[in-house]
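Chemist: Before I ask anything, here is the structure I am working with.
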Amino acid sequence: MLDLNWGDPLASPVRQTDNDYRAYKDIPQVEEKQNETPKIRMAPVNPEDKRVINGHTDINQLAPFKYPWAWNFFLNANKNHWTPLDINMAQDVHDYRYKLTLEERHVYENVLSYLTTSDILAMRNIGLAVMEKMSAPELQIYQARQVYEEALHTWTYQHCIETIGLNQSEIYNRYRVVPEIHQKIALANRRLNSVLRSDIDLTDPDELHNFVISYMFFAAIFEGCWFYNGFSPIFALQRRGLMKGTAEQLQYIMRDEVMHASFGIRVVKQIIHEEKLKLDPKAIRDMWDESYAAETAYTNYILKDPILGYSAEMHLGQFRHIANRRAHQLGLDSEPFPGAEATLPWLDEQANLRKEKNFFETRVTEYQTGGALTWE
Ligand SMILES: [Fe+2]
Ligand SMILES: [Fe+2]
């Protein structure tokens with residue numbers, strides 16, 4: 001027999017976080033009489049009382065929304081649905097074996113090696129470290145979708161690795177033995193581990209500051225720069241007619257990542273506003289500098305030998321340009337790399353599949369299932 005005491009929310013088996021506890025603790029206790037359905041009187045949730053973090057409203061009640069934009073992110077995310085099995089990889093197998101140079105294989109393998117480790121890290125960050133700290137359900141709903149998408153991305157890389165026939169042990173362990181790949185992973189892991197604690201008290205100013213900087217790093221740099229620009233070397237192969245299946249897979253991922261970055265930046269700005277937080281300019285400067293240093297080492301490793309149509313200078317120039325864009329989106333006072341120009345002017349178009357069609361394959365790459373999407 002079920003033993004659910006509906007009259008006493010504190011006894012609810014679905015209590016999830018301390019936010020739930022704070023949400024329920026002020027609810028008046030209910031008088032129970034035997035053989036009578038308990039009557040409960042709970043005040044309706046006022047959406048204006050919701051907060052991104054440190055909120056006390058009912059985390060299980062989706063609407064009315066305080067953050068309707070978050071719900072729209074969820075709806076838009078569901079318009080970009082695919083699986084890696086939908087995309088024809090046959091030509092990629094041929095290209096990898098017979099067309100790529102050794103230098104191009106080096107680029108392809110190391111980009112995949114970095115990405116697959118990174119996306120698992122991204123999944124753990126949003127699902128384990130960020131989502132539980134949100135106190136408005138409309139934010140958690142999109143983040144739940146984001147967790148799924150990060151897992152889908154990992155499946156996509158695994159599908160590419162399997163299809164091409166790469167040595168899985170070697171590819172997956174590469175970040176453990178190549179310092180230039182390891183450096184980026186270690187940097188992100190350090191930030192993640194600093195907020196991956198259930199005992200964090202976000203009413204503490206230092207803890208709050210650290211959490212916001214970490215979320216900012218993941219949204220604006222890890223996803224907004226490293227991922228956004230991280231697919232570019234393979235897009236450069238695609239532009240020469242090589243590895244087009246892999247590149248198409250990465251275009252779908254890129255669309256997700258643009259949304260992840262935009263959403264995260266918006267959440268970070270909302271927290272700063274609600275908590276009246278003053279960010280330490282040095283912490284932000286350090287974030288850009290260490291990310292750029294790690295990206296420089298990584299880029300010089302994957303592109304240590306030049307390939308046709310792409311170079312380390314182009315990659316790093318685009319990083320600086322995109323970093324400035326993210327700083328603007330965050331509303332920061334200054335650009336991290338003043339005056340940096342786009343060195344890959346075609347990159348933004350890669351995020352827009354509607355302009356790209358594979359005329360030589362049976363399938364049109366327009367896979368959007370709903371209305372027009374805006375990405376940034
Ligand atoms: Fe991802
Ligand atoms: Fe992501």
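The values are calculated or read from the model by the stated rules, or taken from the named source; none is laboratory data. It should be emphasised that the depicted structure is a prediction, and the values quoted were computed from it without experimental measurement. Don't worry about glycine lacking a Cβ; one is built from the backbone with ideal geometry, like all the others, and counts go over all protein chains shown.
Chemist: Restricting attention to the range 237-254, which residues are in a helix (DSSP H, G or I) and hydrophobic (A, V, I, L, M, F, W, C)?
Modeler: Leu237, Ala247, Leu250, Ile253, Met254 - these are the residues of the range 237-254 that are in a helix (DSSP H, G or I) and hydrophobic (A, V, I, L, M, F, W, C).
Chemist: Being more than 15 Å from ligand 1 (Cβ to nearest atom), in contact with a helix residue (DSSP H, G or I) (Cβ under 6 Å, 6 or more places away or on another chain) and at pLDDT 95 or above is the requirement here; does Val147 meet it?
Modeler: Against the criterion (more than 15 Å from ligand 1 (Cβ to nearest atom), in contact with a helix residue (DSSP H, G or I) (Cβ under 6 Å, 6 or more places away or on another chain) and at pLDDT 95 or above), Val147 does not qualify.
Chemist: Quick one: is Glu109 in contact (Cβ under 8 Å) with a residue 40 or more places away in the chain, more than 16 Å from ligand 2 (Cβ to nearest atom) and touching an Asp or Glu at 6+ places or on another chain (Cβ under 9 Å)?
Modeler: yes
Chemist: I would also like to ask the following. Within the range 31-87, track down each residue that is modelled with pLDDT under 90 and on the phi > 0 side of the Ramachandran plot.
Modeler: The answer is Asn35, and nothing else.
Chemist: May I ask you to list the residues in the range 227-267 that are of a type in the set (A, V, I, L, M) and within 14 Å of ligand 1 (Cβ to nearest atom)?
Modeler: Leu250, Ile253, Met254, Val258, Met259, Ala261
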